[in-house]
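Quick one: structure below, then a few questions.
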Amino acid sequence: MNAGYDQHLELVKKRRDELRFALANLYSEPIDLTLEIGSGHGHWLVKFAESFPEKTCLGLDIIGDRIERARKKANSAGISNVQFLKAEAFETLDLLPKEVRLKEVFVLFPDPWPKKRHWKNRLFCVQFLEQLAQRCETGVRCHFRTDHEPYFEWALEVVEQQSGWSICQTADWPFEQVTVFQERADAFNSLILERV
Ligand SMILES: C[S@@+](CC[C@H](N)C(=O)[O-])C[C@H]1O[C@@H](n2cnc3c(N)ncnc32)[C@H](O)[C@@H]1O
C-alpha cells in the first residue's frame with residue numbers, strides 16, 4: 001500500500017477524532033445552536049451572541065489564525081455563549097453530537113471561487129444543503145449572503161436542484177452587523193432558505 005496515502009488517512013482520522021471529541025465536550029446535553037460557517041474573524045457572531053445572550057452560538061472556520069482572533073474578540077466582549085472551532089463545515093455537520101439541534105445557520109460572504117474550474121470548491125452546493133437538511137428540522141432557516149453576483153445566481157440554481165429547502169421570500173434578515181468582507185463590498189445579495 002502507498003505509505004503517503006496511509007499517512008493521509010491517519011491524519012484525517014486524527015483530525016476527525018479530535019473534532020468529534022471537541023464537539024462532544026462542548027455539547028454533552030440537548031441544546032439549540034446557532035451556527036455560522038466561515039466565521040472569519042468573528043465580527044458578526046460575537047456581536048450576534050452579545051445581542052442574544054440566551055442563544056448558544058458556534059462559529060467554524062478552517063483557518064486557525066481567524067479562529068484565534070474570533071476567540072479573543074469573544075473574550076474581550078466577556079461573553080461565554082459563543083464558541084469558535086477550527087473545523088470544516090461538512091466534517092462538523094457529520095460529527096455534531098445528536099444532542100445538538102441546529103436552530104439557525106449563517107453563511108456570510110463565503111469564498112466565491114470565481115473561476116469556473118474552481119466552482120467545485122464552493123461551499124454552497126447541493127451536497128451542502130442536503131447534508132445540512134439532515135441536521136435541521138422543518139422551519140429552520142439558513143441565511144446566505146454574498147457580494148459576488150455570479151455566486152448568488154449559482155446559489156439560486158442550487159436551491160432549484162434540491163428539495164429540502166425552499167426560498168423564504170417574506171423573512172427579514174434577523175441581525176445586521178458588518179463583516180470584514182461585507183465592509184469591502186460595494187453591494188451584496190441575501191437569500192433566506194427554510195427547511196421544508
Ligand atoms: C470570504 S471569507 C468570509 C469571512 C466572514 N464570514 C466575513 O464575511 O468576513 C470565507 C471564510 O470561510 C472559511 N471557509 C471556507 N471554506 C470553509 C469550510 N468548508 N468550512 C469552514 N469554513 C470555511 C474561510 O477560511 C474564510 O475565513
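The values are calculated or read from the model by the stated rules, or taken from the named source; none is laboratory data. Please read all numbers here as calculations on a predicted model, not as lab measurements. Glycine also receives a Cβ, built like all others from the backbone with ideal geometry; neighbour counts cover every protein chain displayed. For the accessible areas, the whole protein counts, side chains as well, though only heavy atoms, and no ligand, DNA or RNA atoms are used. Shrake-Rupley method; radii C 1.70, N 1.55, O 1.52, S 1.80 Å.
Residues in segment 171-186: is at least one more than 23 Å from GLU18 (Cβ to Cβ), surrounded by fewer than 15 Cβ atoms within 10 Å (Cβ to Cβ) and touching a Cys at 6+ places or on another chain (Cβ under 9 Å)?
no
Going residue by residue through segment 110-130, is there one that turns out to be closer than 22 Å to TYR27 by Cβ, open to solvent by 70 Å² or more (accessible area, probe 1.4 Å) and not in a helix (DSSP H, G or I)?
no
So, one more: Does GLU68 meet the test of being open to solvent by 10 Å² or more (accessible area, probe 1.4 Å), of a type in the set (Asp, Glu), out of contact with any Pro (no Cβ under 8 Å at 6 or more places or on another chain) and touching a residue at least 24 places away in the same chain (Cβ under 8 Å)? Walk me through it before giving the result.
Numbers: open to solvent by 10 Å² or more (accessible area, probe 1.4 Å): yes; of a type in the set (Asp, Glu): yes; out of contact with any Pro (no Cβ under 8 Å at 6 or more places or on another chain): yes; touching a residue at least 24 places away in the same chain (Cβ under 8 Å): no.
Spelling it out, it is not the case that GLU68 is open to solvent by 10 Å² or more (accessible area, probe 1.4 Å), of a type in the set (Asp, Glu), out of contact with any Pro (no Cβ under 8 Å at 6 or more places or on another chain) and touching a residue at least 24 places away in the same chain (Cβ under 8 Å).
If you don't mind, there's one more thing I want to ask. Keeping to segment 27-53, report how many residues are surrounded by fewer than 17 Cβ atoms within 10 Å (Cβ to Cβ) and under 23 Å from LEU132 (Cβ atoms).
Selection size over segment 27-53: 6.
Against the definition (on the phi < 0 side of the Ramachandran plot, modelled with pLDDT of 95 or more and either acidic (Asp, Glu) or in a helix (DSSP H, G or I) (or both)), how does PRO174 come out, yes or no?
Values: on the phi < 0 side of the Ramachandran plot: yes; modelled with pLDDT of 95 or more: yes; either acidic (Asp, Glu) or in a helix (DSSP H, G or I) (or both): no.
Judged against the criteria, PRO174 is not a match.
Mind checking whether some residue in segment 93-105 is over 11 Å from the mean Cα position of the chain (by Cα), on the phi < 0 side of the Ramachandran plot and part of a helix (DSSP H, G or I)?
Yes, segment 93-105 has at least one match.
Across segment 135-165, which residue is most open to solvent (accessible area, probe 1.4 Å) among those that are charged (D, E, K, R) and assigned to a loop (DSSP other than H, G, I, E, B)? Break it down into steps so the answer makes sense when it comes.
Filtering segment 135-165 down to residues charged (D, E, K, R) leaves 135, 137, 141, 145, 147, 149, 153, 157, 160.
With the extra rule that they be assigned to a loop (DSSP other than H, G, I, E, B), the set shrinks to 135, 147.
Numbers: ARG135: 52, ASP147: 76 Å².
Out of the qualifying residues, it is ASP147.
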